[in-house]
Amino acid sequence: MKRILIAGALSLMCFAGVAGAQDEVLPEDAAKIVSVRQASFAMSAATFGGIKQGLDAGVPLQQLAFASNGLARWAASMTIAFPPGTGPGAVPATKAKPEIWTDWTGFQAKAADYQAATARLRDAIAADDRAAANEAWAATRATCQSCHDAYRS
């Protein structure tokens, strides 16, 4: 489990450099960005799931600190994974709804909720507070679902 958590956190931390902040991507790069975006979300889910497994198994919270920090760092940079030109009109394989780009302010607000929730999870784990970590995990999960309901097909 520790290897999965480490690999997931490392992948999430590296995504920002791959996508880069751009106004619009070249059509030939759109599919690559979506592929990286999807891989990053898969690693996010694996990291998040690994944290839950660790919480449920009662592992020392210090063992979850690296993963929770990586998840919080991913949350802080997640919106750069959605540059213009990477939506369903440009890349059929994406599960992102067009509303991400037509309601960018709403999407950013949901991303900010996720960022705040992952920061609370990271902080609860760092404080070695299992009850707060469990509550923060549930709150983080709720922010994921809220965003997926609005912006993922």
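Summary of values
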| item | result |
| --- | --- |
| Å² of accessible area per residue within the range 26-97, as computed with a 1.4 Å probe and no ligands counted | 43 Å² |
| Net length gained if the chain between Ala109 and Ala76 were fully extended (0.36 nm per residue, minus Cα distance) | 10.7 nm |
| Sulfur and carbon atoms: percent of accessible area, the range 57-153 [1.4 Å] | 54 percent |
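The values are calculated or read from the model by the stated rules, or taken from the named source; none is laboratory data. Given the structure is predicted, the values throughout are model-derived calculations rather than measurements. Accessible surface areas use protein heavy atoms only, side chains included; no ligands, DNA or RNA. Shrake-Rupley method; radii C 1.70, N 1.55, O 1.52, S 1.80 Å.
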